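Coordinate-derived values only; no laboratory data. If you're wondering where the values come from, they're calculated on a predicted model, not measured in any experiment. Glycine gets a Cβ as well: all are built from the backbone with ideal geometry, and neighbour counts include every protein chain shown.
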Amino acid sequence: MLNQILNLARKELLQLKRDKKLLRLVLMAPFTQLLFFGYAATLDIEHISTAVYDMDRSNLSRELLDGFFRSGYFDLSLYCRSLDEIGRSIDRGECKIGIVIPPDFSDRLKNNEDVKVQLLADGTDANFARIGINYASVVARNFAFSSFFRNLRDPFYNQNNRLFHTLSKNQGQIVELRTRLLYNPELKSKNFMIPGILVMILLIITTVLTSVSIVKEKELGTIEQLTVSPVKAYELIIGKLVPFVVIGFLEIVFIISLAVSWFDLPMRGSVVLLLFLSLVFLLNTLGMGILISIVSNTQQQAMMTSFIVMLPSVILSGLMFPVANMPLSIQYITYLIPPRYFLEIVRGIFLKGIGVAELLPQIGAMTFLGLLTLVLSVIIFKKKYT
């Protein structure tokens with residue numbers, strides 16, 4: 001019995017050795033995935049994109065803002081001239097945090113009055129918003145304490161300026177952050193996760209299904225019949241994709257219905273727009289699946305390649321780890337990941353209620369990548385089979 005087991009094991013090893021593509025995938029996958037995940041999978045939050053509307057424009061307000069941007073947790077992305085401009089920047093995803101300093105900021109400090117600074121936070125990512133608010137509270141507290149200790153050394157200030165007495169009385173808690181959470185005020189994690197799960201399900205199902213469509217014909221020996229027929233390469237690929245487009249679209253309708261009716265996920269935007277853009281995303285996932293199927297020699301290879309491609313796509317999409325926290329080199333790679341754009345679209349339509357105007361960059365990038373994948377599939381298919 002042992003000899004039979006050893007002989008079968010030897011046979012499998014020889015088959016694996018002969019399958020060069022599969023062997024390379026098995027050897028390279030752990031290295032590449034560890035490299036990507038080691039850098040991309042981080043829960044540390046730094047360099048939060050921040051919009052500022054400073055109506056006071058005084059030395060004290062600038063000192064408070066300097067405290068935010070010197071901390072390393074906040075980056076000045078936009079200096080706004082109105083509250084509406086901050087709202088639009090958060091709608092478009094350009095900023096995650098907005099700081100609004102009132103026009104009487106310095107006057108109230110000097111007149112022994114509490115100061116209320118408004119903090120607007122994008123609540124679509126509950127964890128990101130919660131941590132950002134905590135960081136902002138620390139910065140505001142540090143600003144008050146630094147003012148307290150600086151003025152402690154000034155005898156004239158101690159006797160004649162009422163700010164010292166206010167800071168002393170309130171133990172540094174003179175700057176109060178009034179936080180307003182946008183889009184997800186209760187910071188429900190399901191509002192953040194369910195749109196991401198929708199993207200992940202579509203990615204996995206459609207990519208895996210199409211990744212075996214062409215290679216299956218090759219294993220059955222029917223690919224030659226297709227290549228010698230009058231059917232053109234692009235017609236063959238489109239014909240292969242149509243059934244999976246229907247399956248993917250039905251999956252989308254089912255998931256959206258379940259998310260809204262069962263999980264009470266708010267739908268603030270257009271369902272029609274979401275369904276249409278889901279078809280654009282399917283252009284990417286099905287195109288990638290068909291490309292994998294064309295370059296693979298066996299169904300086993302195709303399945304292995306699909307999972308190797310999908311895992312980084314999920315990690316780098318921003319589903320679990322914010323893209324802004326990743327190293328700059330990894331962030332550049334995420335621009336080639338269609339799920340990144342579709343995730344922003346799904347969360348934007350579900351939670352923010354935004355439309356085409358705010359989503360144009362994501363729509364353009366996703367459409368370009370989808371068409372590029374399909375064109376590459378046609379070119380490689382022609383070279384390989386005709």
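Take the Cα of VAL309, step 7 Å toward its Cβ, do the same at ILE197, and the gap between the two points is 2.6 nm.
Report the calculated FRET efficiency for VAL138 and PHE254 (r = Cβ-Cβ distance, R0 = 45 Å), to the nearest 0.05. Efficiency at R0 = 45 Å is approximately 0.55. Between ILE205 and SER261, the contour length at 0.36 nm per residue exceeds the Cα-Cα span by 17.9 nm.
By the count of neighbouring beta-carbon atoms within 10 Å, fewest first, TYR183, TYR234 end up ordered TYR234, TYR183.
Taking 45 Å as R0, compute the FRET efficiency from the Cβ-Cβ separation of ILE247 and ARG268 and round it to 0.05. Don't skip to the end; give the middle numbers.
Details: r = 28 Å, r/R0 = 0.62.
In this case the efficiency is close to 0.95.
In order along the stretch 311-327, the phi-based Karplus estimate (6.51 cos²θ - 1.76 cosθ + 1.60, θ = phi - 60°) of 3J(HN,Hα) comes to 4, x, 4, 5, 5, 7, 6, x, 4, 10, 10, x, 4, 5, 7, 6, x Hz; Gly and Pro are listed as x.
Computed from backbone phi with θ = phi - 60° and the Karplus coefficients 6.51, -1.76 and 1.60, the 3J(HN,Hα) list for the stretch 223-228 is 5, 5, 5, 6, 6, 8 Hz; x is used for glycine and proline.
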